[in-house]
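One structure follows; several queries about it will come next.
Read-outs throughout are calculated quantities, based only on the coordinates presented, and are distinct from any laboratory measurement. Just so we're clear, the structure is a prediction, and the values are computed from it rather than from any experiment. Please note: Cβ atoms are built from the backbone with ideal geometry, for glycine as well, and neighbour counts cover all protein chains shown.
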Amino acid sequence: MKIQILGTGCAKCTALAQAASQAAEQLGLAVELEKISDLNQIMAFGVMLTPALAVDGQVRLVGKVPSVAELKTLLQQEG
């Protein structure tokens, strides 16, 4: 599973990356975590508000930092 964090590196983007990493670790998932900060790449996903989270290339969250529990639920659904 590939998790992509889309954002310019702001505090919220960093918090989302940490929470996603924790959620995947708690679920025992083998994931590749990629941070995308290039605005052209972010816009190619159709994202206009950051931070955003994509799983396997599909945008799943935009403009917020969910809790680790919420991310675990999302990742289990993707699973």
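For n ≥ 4 DSSP H runs only, could you compute -39500 (n - 2.57) per run for the chain, divide by its residues and tell me the 222 nm figure to the nearest 500?
Calculated at 222 nm, the ellipticity per residue is -13000 deg cm²/dmol.
Rg/Rh for segment 3-79: what does it come to with C-alpha atoms and Rh from Kirkwood?
That ratio equals 0.93.
Which net charge results for the neighbourhood of A54, defined as the other residues with beta-carbon distances under 10 angstrom from its beta-carbon, given Lys and Arg at +1 and Asp and Glu at -1?
Value of the local net charge: 0.
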